[in-house]
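> The structure's right below; bear with me while I get my questions together.
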Amino acid sequence: MSSVIIFHAGVFEQTRCRISCVCLEKSSRWVGAGRLPTQPASGAPRCQCNQLGDITQKGYEKKRGKLLAPYIPQIQGVDPSLQIDNRIQASSQAVLPGSKHNKSRAANTRDERFRSDLHTEAVQAALAKYKERKMPMPSKRRSVLVQSSVEACTPPDTSSASEDEGSLRRQGRLATSTPYQGHSHPAVEHWFNRVIQGSSTSSSASSTSSHPGGRIVTNTSAHAALNANAAATALADLMAHTQLDNHSAPPDVTGLSERSSVHAERSQVASVRGVSRNYNHQTSVMETADGVPVNSRVSNKIQQLLNTLKRPKRPPLREFFVDDFEELLDVQQPDPNQPKPEGQQMSPLEGESLGVVTNWPPSLPAALQRWGTTQPKSPCLTALDNAGKPVYTLTYGKLWTRSQKLAYTLLNKLSSRNEPLLMPGDRVALVFPNNDPVMFMVAFYGCLLAELVPVPIEVPLTRKDAGSQQIGFLLGSCGVTLALTTDACQKGLPKAQTGEVATFKGWPRLLWFVTDGKHVVKPPKDWHPPVREASNDIAYIEYKTSKEGSTMGITVSHSAMLAHCHSLTQACGYTEAETITNVLDFKREAGLWHGVLTSVMNRMHVISIPYSLMKVNPLSWIQKVHTYKARVAVVKSRDMHWSLLAQRDQRDISLGSLRMLVVADGANPWSISSCDAFLNVFQARGLRPEVICPCASSSEAMTVAIRRPPEMGVPPPGKAVLSMGGLSHGVIRVDTEEKLSVLTVQDVGQAMPGAMVCVVRVEGTPYLCQTDEVGEICVSSGSTGVAYYGLPGMTKNVFETVPVTSSGIPISDRPFTRTSLLGFVGPDSLVFIVGKMDGLMVVSGRRHNADDVVATALAVEPMKFVYRGRIAVFSVSVLHDERIVVVAEQRPDASEEDSFQWMSRVLQAIDSIHQVGVYCLALVPANTLPKAPLGGIHISETKQRFLEGALHPCNVLMCPHTCVTNLPKPRQKQPEVGPASMIVGNLVAGKRIAQACGRDVGQLEDNDQARKFLYIQDVLQWRAQATPDHPLFLVLNAKGTVASTASCLQLHKRAERVAAALMGRLNTGDHVALVYPPGIDLIATFYGCLYAGCVPVTVRPPHPQNLATTLPTVKMIVEVSKSVCILTTQAIMKLLKSKEAAAAVDVKSWPMVLDTDDLPRKKSPQMYKPPTPEMLAYLDFSVSTTGILAGVKMSHAATSALCRSIKLQCELYPSRQIAICLDPYCGLGFALWCLCSVYAGHQSILVPPLELESNASLWLAAVSQYKVRVTFCSYSVMEMCTKGLGSQTEALRLRNVNLSCVRTCMVVAEERPRIALTQSFSKIFKDLGLSPRAVSTTFGCRVNVAICLQGTAGPDPTTVYVDMRALRHDRVRLVERGSPHSLPLMESGKILPGVKVIIANTETKGPLGDSHLGEVWVSSPHNATGYYTVYGEEALHADHFNTKLSFGDTQTVWARTGYLGFLRRTELTDASGERHDALYVVGSLDETLELRGMRYHPIDIETSVIRSHKSIAECAVFTWTNLLVVVVELEGSEQEALDLVALVTNVVLEEHYLIVGVVVVVDPGVIPINSRGEKQRMHLRDGFLADQLDPIYVAYNM
């Protein structure tokens, strides 16, 4: 057995001094620096500035100066090493002058509690390995940077600080170290303290000593170990570290004063925005992955990010991914070389038998009765105030009489409706503050005497305390109706209006009873409490919070309580009337067991030290041990650590009286360094090494093991140096070679008397472990808890475990209790604990302990940036594995860069020491993490906030690229299947080729008078003669009144005037830009142009408030369309030539501008007749979603065919009215405004969408008022109505708005139908009579503006659910609604008459079957005839308009829409009785993202992201050099910005198996949207890369 582990204190000491605690972490490096060449080597200052993020030219100069500082020739006559020491010292001691304890403690800030020096050394060595892995620093807006001033920041948690010593250390620190401080503090003291604390119990630590000169003399072997060939690597090493930790070069205090201000200014420099940074001409022009040169700040960062990702950690791919659907996540295969346990099966460990004591009381109340009556004057408990003065000493006589009074009162004086309120066995809550142990003790024993069950809980301070809801749940499930408390406490509780104590969230209704003297009654002479023998009834319930945050009540029976007191008395050798000092919480665990129960059993005197006193005076417990000559003290390692920090102030204290110092959290991995450091300092004050007794306990099993006091003749204590790697596989391996990743643990003594201890496997059947295997400790004894109150299932699992041997035979007939402690049994039957189940994180099959990770994080820069003990480590489940999250509170004076540096080093240290990646590291402002009642961090609440996005961090670093190794394998493109085999394959599989067509126009006989005219302008003239007064148009203004109207004749006359004005000035065929607001003018000038033989181009007018962005678009369209003239109104004409316009464009280069406001009433001489219908009628310009401005040519023939097709589909006749709320400038919107009414003769009620901004109900009110059956709108209009009118449907109903007349409401779009929006629109306005079947969508694109329209006759639009994972592989697989990964898709309306559609493969151009996703191709008489020009991408050529299939029907000429979609034959029949074919549009081909060999549609990722947090208003994604960039608009306070980073990363991983590269948080409204309400993702991308978004935060995921 002992061959497995070497337990020998001496060995440990040697190990320790070999690794040697060379005081300050960087010391060895700087010693080397003293010997550097005085001139920098040529390669040295290769400044990696981009690592610091946004650095300016000036910042670069400073940074360079700083990097070179160490090499600059030293000042004459000053010892170089001294110079360096001073420099270090100045930065490490930013001490506020004048504060009381500081001088003594300033240098002593290095924290011993969480790590032995081994750990720090290991971390330093680990970091040294990393050299130059640069990471881009996140960029942050100034407003997010500015934290409150240092003075205003209290150190974390002065209310109930925990493991942090924030309240003891300086109250706030200077933001940057003052450059001159180094001289006033000789370095000696600084090094000296380090040495004292670093050294362990032996004197071997003197290998590092210090001289008054401050020069470091390093033990050569240690130096060699750390820096093998220092001379050769010193320069490189130094450079690397200057990169990694910019605080290793503090301001040089030895001279060169210009440089000493670098430190103070750097944080501002780093975040100045938008300053050009061509500081270094070689790096300023970079190339992207495609070799495209890019010059931008953002791209530099992304390039850095790409560089850090070049070496991703990924398990090797075993075979290529072939299966289309089951994207199997990579399952981590166990490493064949991982260590496996080799020992024999352990044999259960038995504690010594419980000794028989002759006069042992039969129960705890009996003991109280005995002492209360026989020794009434004997002191029981002394309570102290916050000054450390004893306020009250409770004697045993007093405790007995006061408990009796309370018991009598509770049983007899409380009643409701003449029934006694409480019956024996009822549960009662005890709500007592931590500074009132006397009242608590009286209440606790009062309940025991009354046979009531006390449930001690924390005092709820606010209605929203962390975890308080769970406590409420516990009280409810225990049926608690009464709470006992003190008068002072009751006054301090939050009150409702009635003056009663408020009901806390989730709590049952409680009656509060104050137990102070005046409320309790003296019992009559003949009343005696029943003092019985200890039975198996419940004595009390102790609460415990689980890892998930739920609170359980652990029931302890009277007999277990008694047995536990008995075994503690025997194990600790307690004797009657001993004095014991208790620092722990007396309401639960060790504080209750030693300080309230066992003490009464043995008539001991307890000195109770309240937590509030410890915060003011951390030495108080030591002083009280000295004053009262206490024999025993019960503390936690935190208390030892705190007293170390304060010990200077006390000379005359002695700990010689202590025979036992019980360390209650001895099971913590870091208690060992506290014990060592404490002993080091206090051995000189009478503390004997052997009195330190660590113990291990858990709420379920109570005390599990405790090191016995020395007089019991026990074996010497043991230490084990274990390999972390072994532990992560659950195996114990002693690490003799000093590796980086070791865990040093101390024993927690032997098993308790009368107990049997064994170690079982953590998961599955509780098999006994092998001797060299870590498992969960289980205990069988009469002194453990009995059950979780009211939770039989969990109780069976934990309290009734039956450990079995490897052959499955139970090892004992007694049940065991699981302790939730992980450990093993070492030599001499000593128990060792290496972690807790609560902190266990299983990542890719390996186990890591949260506490160990905390220790590593703290060893990086122990106290500089974060508060000790204010670190939470937990794991969250993302993509079927646990991911580690580290959250720490940052000191208020840490600069942005410092924190970022600290974070990147913590990541590297954890990676190196634990061989595990951290998924997310977040820093939050001081004092913001939820606290557990007695300090400490409430881990489950922190985790909850992290997952809900309510943590509000001020810095975040996510590293999904390194952690997530179980993504599905990237899809390998199969060698392309030819189009012919594709068809054959589909035929064999019984799948039809995906093609469909609308009704045949030729066979539709209708009385269409307009058909006989070839040109639309002829139709207008004919209508002007045939029905001159028939109203065609009616435009509404924002008030809902008619702004203007036009009959056939009026429109014709106005068009003639325009034609007359143009004919003299322009030639036929000239292009004319029409820049009008939506209205009749636009329509009239359009026909005027046709009359004059000119080609009209409709252009959206510039926005007067936003000329800078809207005017250049106008200019661009005018130029690209080669317009020779602009027609417009007087107002717009003034605007085009205004001073403001001149700032945006060159106003001198406008073509001729004519205003048409007051044209003379002239008739044009004769109308222009085009020679053929194939002639160009008009140009339709539009900006596509990818930001490309494309103009298409519409011939006269296509124009007429388009109108006829729409007329047939929507059954439009002169008697109809339709309402249109669309922009009239391009696509179907233009056709409906300007063409259809003239062709079909119906009246169009025109509602300009802009007017809805001032009156959201305008469109719906018009629809209702004119009883319109067919209406058209855009998504932006629908969104305005949903958001603006959602809550006003009642008001609209009162105004008689009724939508039951609407048969079809069509959304005009060029994208996938937005189901969520159309459904919520239907739902909201259902109350106003809108039929749920009415809402549908249309589909058109550049090559054909109207491919699908719902129309009035066909079947309702259908919705299908497809598997999103299959879609990524261009497969369409229908699934049930609600199945995982399902995506709802709605049909885009019915295919128009005369239109044929086919689905083609984008690459082979072969036809596809209907189970495939492909490009939608369209053939129809109203296809556009070609691009006029495409601005921005000349590569989009003619094949978009005339392309042919490579196989099958190779004759038909098709146009490629550029949209991916699929066809499905539905069960419905259309008008002709045929089965109906539905077309589903999935998204634009240009927008799709090719990632990991799969095709993603941005909208799917965006939908997931928007769902992830309530404050995300909008989201857009795009890729840049294979990185996925997610831009989110934050609707909420800027402090929420960083919450989004993790949530966005999580949701995209979970739902899309993609790692987000960059998360950009911006203000609402930053994501550009075009007039159709579509996101302009490419514009956004350009803006991001050019750094024009002014983001709140940019996070680069590592």
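The values are calculated or read from the model by the stated rules, or taken from the named source; none is laboratory data. Here the structure is a predicted model, which means the values were calculated and not measured. FYI the Cβ positions are ideal-geometry reconstructions off the backbone, even for glycines, and counts take in every protein chain you see. Calculation scope for accessible area: heavy atoms of the full protein, side chains included, ligands and nucleic acids excluded. Shrake-Rupley method; radii C 1.70, N 1.55, O 1.52, S 1.80 Å.
> In region 493-505, how many residues are within 32 Å of the chain's Cα centre (by Cα) and either open to solvent by less than 50 Å² (accessible area, probe 1.4 Å) or under 18 Å from L430 (Cβ atoms) (or both)?
Total satisfying the criteria: 1.
> Report, ordered by the first and then the second residue, all pairs with beta carbons closer than 9 Å, sequence separation of six or more or different chains, a first member in region 502-520 that is within 16 Å of L474 (Cα to Cα), and a second member that is among the aromatic types (F, W, Y) and open to solvent by 50 Å² or more (accessible area, probe 1.4 Å).
G506/F473; W507/F473
> So G936 clears everything in (1) more than 30 Å from V842 (Cβ to Cβ); (2) crowded, with 17+ Cβ neighbours inside 10 Å; (3) of a type in the set (G, A, S); (4) modelled with pLDDT under 85 except one condition, right? Which one?
The single condition G936 does not satisfy is (1).
> To continue, here is another question. All but one of (1) open to solvent by 10 Å² or more (accessible area, probe 1.4 Å); (2) in a helix (DSSP H, G or I); (3) polar (S, T, N, Q) hold for S820; which doesn't?
Failing condition for S820: (2).
> Sticking with this structure for a sec: So K624 clears everything in (1) more than 40 Å from the chain's Cα centre (by Cα); (2) surrounded by fewer than 21 Cβ atoms within 10 Å (Cβ to Cβ) except one condition, right? Which one?
Condition not satisfied by K624: (2).
> Hey, can you tell me all the residues within region 709-729 that are open to solvent by 10 Å² or more (accessible area, probe 1.4 Å) and either on the phi > 0 side of the Ramachandran plot or in contact with a Gly (Cβ under 9 Å, 6 or more places away or on another chain) (or both)?
Keep residues of region 709-729 that are open to solvent by 10 Å² or more (accessible area, probe 1.4 Å), which gives 710-717, 719, 721, 723-725, 727, 729.
Passing the criteria: E711, M712, G713, V714, P717, L727, H729.
> Mind counting the residues in region 874-886 that are open to solvent by less than 10 Å² (accessible area, probe 1.4 Å) and either β-branched (V, I, T) or outside any strand (DSSP E or B) (or both)?
Residues that pass the stated criteria total 6.
> Moving on to the next point. Before we move on, is E1502 on the phi < 0 side of the Ramachandran plot, within 31 Å of the chain's Cα centre (by Cα), of a type outside the set (G, A, S) and open to solvent by 30 Å² or more (accessible area, probe 1.4 Å)? Break it down stepwise before answering.
Details: on the phi < 0 side of the Ramachandran plot: yes; within 31 Å of the chain's Cα centre (by Cα): yes; of a type outside the set (G, A, S): yes; open to solvent by 30 Å² or more (accessible area, probe 1.4 Å): no.
No.
> Mind checking which residues of region 1099-1116 are of a type in the set (S, T, Y) and free of Cβ contacts under 8 Å to residues at least 60 places away in the same chain?
Of everything in region 1099-1116, those that are of a type in the set (S, T, Y) and free of Cβ contacts under 8 Å to residues at least 60 places away in the same chain turn out to be T1109, T1110.
> Given the condition surrounded by fewer than 19 Cβ atoms within 10 Å (Cβ to Cβ), of a type in the set (D, E, K, R) and assigned to a strand (DSSP E or B), answer yes or no: does some residue in region 1365-1382 qualify?
Yes, the conditions are met somewhere in region 1365-1382.
> R1456 - would you say it is part of a strand (DSSP E or B), at pLDDT 90 or above and of a type in the set (K, R)?
Yes.
> Given the criterion among the small types (G, A, S) and part of a helix (DSSP H, G or I), identify the matching residue among A590, A577, A633, A667.
On the way: A577 fails: part of a helix (DSSP H, G or I); A633 fails: part of a helix (DSSP H, G or I); A667 fails: part of a helix (DSSP H, G or I).
None of the other options fit; the residue is A590.
> Can you tell me which residue among I471, I554 is β-branched (V, I, T), buried (at least 20 other Cβ atoms within 10 Å of the Cβ) and in a strand (DSSP E or B)?
Values: I471 fails: in a strand (DSSP E or B).
Every option except I554 fails the conditions.
> I'd like to check something: does region 1029-1039 contain any residue that is open to solvent by 10 Å² or more (accessible area, probe 1.4 Å), of a type in the set (S, T, N, Q), under 17 Å from S1244 (Cβ atoms) and in a strand (DSSP E or B)?
no
Matching residues to (1) open to solvent by 40 Å² or more (accessible area, probe 1.4 Å); (2) more than 18 Å from C1234 (Cβ to Cβ); (3) touching a helix residue (DSSP H, G or I) at 6+ places or on another chain (Cβ under 6 Å):
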| position | (1), (2), (3) |
| --- | --- |
| M1116 | yes, yes, no |
| S1121 | no, no, no |
| A1131 | yes, yes, no |
| P1151 | no, yes, no |
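> Return the residue satisfying two criteria in turn: it lies in region 1547-1598 and is at pLDDT below 90 and among the small types (G, A, S), and of such residues it is least open to solvent (accessible area, probe 1.4 Å).
So the residue we want is G1573.
> Turning to a different aspect of this structure: If you go through region 887-895 one residue at a time, do you hit one that is open to solvent by 10 Å² or more (accessible area, probe 1.4 Å), at pLDDT below 90 and under 23 Å from L461 (Cα atoms)?
Scanning region 887-895, I find no residue that is open to solvent by 10 Å² or more (accessible area, probe 1.4 Å), at pLDDT below 90 and under 23 Å from L461 (Cα atoms), so the answer is no.
> Please count how many residues of region 896-915 are among the aliphatic types (A, V, I, L, M) and open to solvent by 10 Å² or more (accessible area, probe 1.4 Å).
1
> Among the residues of region 896-908, is any in a strand (DSSP E or B), over 29 Å from V745 (Cβ atoms) and in contact (Cβ under 8 Å) with a residue 24 or more places away in the chain?
no
> Do you know which residues across region 507-551 are basic (K, R), outside any strand (DSSP E or B) and surrounded by 13 or more Cβ atoms within 10 Å (Cβ to Cβ)?
R532, K547
> Quick check on region 1205-1231: of everything there that is open to solvent by 20 Å² or more (accessible area, probe 1.4 Å) and touching a residue at least 40 places away in the same chain (Cβ under 8 Å), which residue is nearest to the chain's Cα centre (by Cα)?
Across region 1205-1231, the extreme among qualifying residues is D1223.
> I would also like to ask the following. Go through region 1443-1453 and count every residue that is open to solvent by less than 70 Å² (accessible area, probe 1.4 Å) and more than 17 Å from N1423 (Cβ to Cβ).
Number satisfying all stated conditions: 3.
> Could you go through region 352-365 and let me know if any residue there is of a type outside the set (S, T, Y), surrounded by fewer than 14 Cβ atoms within 10 Å (Cβ to Cβ), free of Cβ contacts under 8 Å to residues at least 12 places away in the same chain and not in a helix (DSSP H, G or I).
Yes, region 352-365 contains a residue that is of a type outside the set (S, T, Y), surrounded by fewer than 14 Cβ atoms within 10 Å (Cβ to Cβ), free of Cβ contacts under 8 Å to residues at least 12 places away in the same chain and not in a helix (DSSP H, G or I).
> Can you tell me how many residues in region 1454-1472 are closer than 30 Å to I1188 by Cβ and exposed (fewer than 12 other Cβ atoms within 10 Å of the Cβ)?
Qualifying residue count for the region: 0.
> Identify all residues within region 944-962 that are open to solvent by 10 Å² or more (accessible area, probe 1.4 Å), more than 10 Å from the chain's Cα centre (by Cα) and closer than 23 Å to D851 by Cβ; write none if there are none.
If the condition is that a residue be open to solvent by 10 Å² or more (accessible area, probe 1.4 Å), more than 10 Å from the chain's Cα centre (by Cα) and closer than 23 Å to D851 by Cβ, then Q944, T962 are the ones that fit.
> Checking I672 against (1) more than 35 Å from the chain's Cα centre (by Cα); (2) of a type in the set (A, V, I, L, M); (3) surrounded by 20 or more Cβ atoms within 10 Å (Cβ to Cβ), only one condition comes out false. Which one?
Failing condition for I672: (1).
> Got a sec? Which helices (runs of 4 or more DSSP H) wholly within region 1256-1332 have at least 2 residues that are open to solvent by 10 Å² or more (accessible area, probe 1.4 Å) and within 25 Å of S1388 (Cα to Cα)?
Helices (runs of 4 or more DSSP H) meeting the threshold: 1275-1285, 1315-1325.
> Residues in region 1111-1143 that are under 14 Å from Y1076 (Cα atoms) and among the hydroxyl-bearing types (S, T, Y): how many?
The total comes to 2.
> Just name the residue that is farthest from L1179 (Cα to Cα) out of those in region 1062-1077 that are out of contact with any Ser or Thr (no Cβ under 7 Å at 6 or more places or on another chain) and surrounded by fewer than 24 Cβ atoms within 10 Å (Cβ to Cβ).
First, pick out the residues of region 1062-1077 that are out of contact with any Ser or Thr (no Cβ under 7 Å at 6 or more places or on another chain): 1062, 1064-1070, 1077.
Now narrow it down to the ones that are surrounded by fewer than 24 Cβ atoms within 10 Å (Cβ to Cβ): 1064-1070, 1077.
Values: G1064: 22, R1065: 20, L1066: 17, N1067: 17, T1068: 15, G1069: 12, D1070: 12, P1077: 18 Å.
Taking the candidates together, the pick is G1064.
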